[in-house]
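*Asks:* The structure under discussion is supplied below as C-alpha cells; questions concerning it will follow.
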Amino acid sequence: MADSRPPIIGILALQGDFAAHGRVLDRIGCRAVEVRKPEQLDEISGLIIPGGESTTLLKLMATWNFEPAIREFHAAGKPIFGTCAGVILLATDVTHPAQHSLGLLDVTVERNSYGRQIDSFEARGTLCDDGRDIDVPLEMVFIRAPRIVRVGPGVRVLARHENEPVLVATRNIFGATFHPEMTSDSTVHELFVSVCRADQSCIE
C-alpha cells in the first residue's frame, strides 16, 4: 500500500527563486527541504530545480558535483520538476545559444525566447493532455522565459500558451517554462506532489 503521508520535496537551493517554491509546498501541506549538498538527495522523494540563471546554476552544480547525483536520483525513478532555468537544465537539447544540460527530458528548449526581464508577463490558461482541455484553470508568470520548440515521443504536453507547450511531463519528470511558484495557484505543485507519492503517478 502506498504511503499516504505527504512526500518530502527537495528544492535545489544553489541560486534562483527556491524560497518561493518552498512557500507553495508549505501552503499545500508538504515538507520542503532546501538542497545544497548532493547527499541530501537521499532524504527526499522529489526534487525541484527552480528558475534562476541557467549558466550560473550549471557552474554551482559543477562546484558541488551535483550532476552525477541528480542522474543517480533520476535513475532511481525519483521525480524531478524543472521550472524556467530548471527546464533548460533538464532538456536534451538547448539552443540560443547551445548549452550543456542534463539531457533527462526529451525536449529542445530555446533560451530567453520570450525576451528580456522587461518583457515578463502573466497569462491564464488551462491544464490539458496533449491538446485535450481538461478544464483545470492555470495561472502562469513568464520571466525571461525559455520556449519549448520540440517535444519528443513519450513527453506529454500538459499546458499550452498561444498553442505552444509550456508545461510538459514524462512519468517522473516535469518541465515548465513559466514560474508556477509566483502565483497563488498551487495546481502544478499539487500535480508534481501527487507523482512524488510512493508507488503513485497521476499521469501514467
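The values are calculated or read from the model by the stated rules, or taken from the named source; none is laboratory data. Since the model is a prediction, treat every value here as computed from it, not as a measurement. Cβ: placed from backbone, ideal geometry, glycine included. Neighbour counts: every protein chain shown.
*Asks:* Is one or more of the residues making up region 178-190 more than 27 Å from A32 (Cβ to Cβ) and either surrounded by fewer than 19 Cβ atoms within 10 Å (Cβ to Cβ) or out of contact with any Ser or Thr (no Cβ under 9 Å at 6 or more places or on another chain) (or both)? If you could, list the steps in order and put the result at the bottom.
*Replies:* Just the residues of region 178-190 that are more than 27 Å from A32 (Cβ to Cβ), to begin with: none.
No: zero hits.
*Asks:* Whether any residue in region 77-84 is surrounded by fewer than 17 Cβ atoms within 10 Å (Cβ to Cβ) and not small (G, A, S) is what I want to check. Let's see the steps before the verdict.
*Replies:* Keep residues of region 77-84 that are surrounded by fewer than 17 Cβ atoms within 10 Å (Cβ to Cβ), which gives 77.
Now narrow it down to the ones that are not small (G, A, S): none.
No, the conditions are met nowhere in region 77-84.
*Asks:* Would it be correct to say that I28 is surrounded by 21 or more Cβ atoms within 10 Å (Cβ to Cβ), within 12 Å of H189 (Cβ to Cβ) and of a type in the set (A, V, I, L, M, F, W, C)? I'd like the intermediate steps shown before the answer.
*Replies:* Details: surrounded by 21 or more Cβ atoms within 10 Å (Cβ to Cβ): no; within 12 Å of H189 (Cβ to Cβ): yes; of a type in the set (A, V, I, L, M, F, W, C): yes.
It is false that I28 is surrounded by 21 or more Cβ atoms within 10 Å (Cβ to Cβ), within 12 Å of H189 (Cβ to Cβ) and of a type in the set (A, V, I, L, M, F, W, C).
*Asks:* Out of V141, V151, V136, V87, which single residue is touching a Gly at 6+ places or on another chain (Cβ under 9 Å) and either surrounded by 14 or more Cβ atoms within 10 Å (Cβ to Cβ) or under 24 Å from I9 (Cα atoms) (or both)? Spell out the reasoning first.
*Replies:* Working: V141 fails: touching a Gly at 6+ places or on another chain (Cβ under 9 Å); V151 fails: touching a Gly at 6+ places or on another chain (Cβ under 9 Å); V136 fails: touching a Gly at 6+ places or on another chain (Cβ under 9 Å).
Unique residue meeting the criteria: V87.
*Asks:* Determine whether region 80-100 contains at least one residue that is at negative phi, aromatic (F, W, Y) and without any contact (Cβ under 8 Å) to a residue 60 or more places away in the chain. Reasoning before the result, please.
*Replies:* Of all residues in region 80-100, those at negative phi come to 80-83, 85-95, 97-100.
Filter once more, keeping what is aromatic (F, W, Y): 81.
Subsequent filtering for residues that are without any contact (Cβ under 8 Å) to a residue 60 or more places away in the chain retains none.
No, that holds for no residue.
*Asks:* Can you tell me which residues in region 17-49 are within 17 Å of G82 (Cβ to Cβ), part of a loop (DSSP other than H, G, I, E, B) and either acidic (D, E) or out of contact with any strand residue (DSSP E or B) (no Cβ under 6 Å at 6 or more places or on another chain) (or both)?
*Replies:* Across region 17-49, the qualifying residue is only D17.
*Asks:* From V94, V33, V107, grab the single residue that is aliphatic (A, V, I, L, M), more than 21 Å from V193 (Cα to Cα) and either surrounded by fewer than 21 Cβ atoms within 10 Å (Cβ to Cβ) or within 14 Å of the chain's Cα centre (by Cα) (or both).
*Replies:* Working: V94 fails: either surrounded by fewer than 21 Cβ atoms within 10 Å (Cβ to Cβ) or within 14 Å of the chain's Cα centre (by Cα) (or both); V33 fails: more than 21 Å from V193 (Cα to Cα).
Exactly one of V94, V33, V107 is aliphatic (A, V, I, L, M), more than 21 Å from V193 (Cα to Cα) and either surrounded by fewer than 21 Cβ atoms within 10 Å (Cβ to Cβ) or within 14 Å of the chain's Cα centre (by Cα) (or both), namely V107.
*Asks:* Then there's this: Of the conditions (1) modelled with pLDDT under 95; (2) over 13 Å from the mean Cα position of the chain (by Cα), V195 fails just one. Which one is it?
*Replies:* The one condition V195 does not meet is (2).
*Asks:* Looking only at strands (runs of 3 or more DSSP E) that lie completely in region 141-191, which have at least 2 residues being among the aliphatic types (A, V, I, L, M), within 15 Å of F81 (Cβ to Cβ) and touching a residue at least 40 places away in the same chain (Cβ under 8 Å)?
*Replies:* Of the strands (runs of 3 or more DSSP E) lying wholly inside region 141-191, those with at least 2 residues that are among the aliphatic types (A, V, I, L, M), within 15 Å of F81 (Cβ to Cβ) and touching a residue at least 40 places away in the same chain (Cβ under 8 Å) span 164-169, 173-176.
*Asks:* Only one of these conditions is not met by L14: (1) touching a residue at least 40 places away in the same chain (Cβ under 8 Å); (2) outside any loop (DSSP other than H, G, I, E, B). Which number is it?
*Replies:* Unmet for L14, out of (1) touching a residue at least 40 places away in the same chain (Cβ under 8 Å); (2) outside any loop (DSSP other than H, G, I, E, B): (2).
*Asks:* Going through region 52-102 one residue at a time, which ones are of a type in the set (D, E, K, R), out of contact with any helix residue (DSSP H, G or I) (no Cβ under 7 Å at 6 or more places or on another chain) and under 25 Å from S120 (Cβ atoms)? Step through it out loud before you land on a result.
*Replies:* Initial filter on region 52-102 (of a type in the set (D, E, K, R)): 53, 59, 67, 71-72, 78, 93.
Narrowing the set further to residues that are out of contact with any helix residue (DSSP H, G or I) (no Cβ under 7 Å at 6 or more places or on another chain) leaves 59, 71-72, 78, 93.
Those that are of a type in the set (D, E, K, R), out of contact with any helix residue (DSSP H, G or I) (no Cβ under 7 Å at 6 or more places or on another chain) and under 25 Å from S120 (Cβ atoms): K59, D93.
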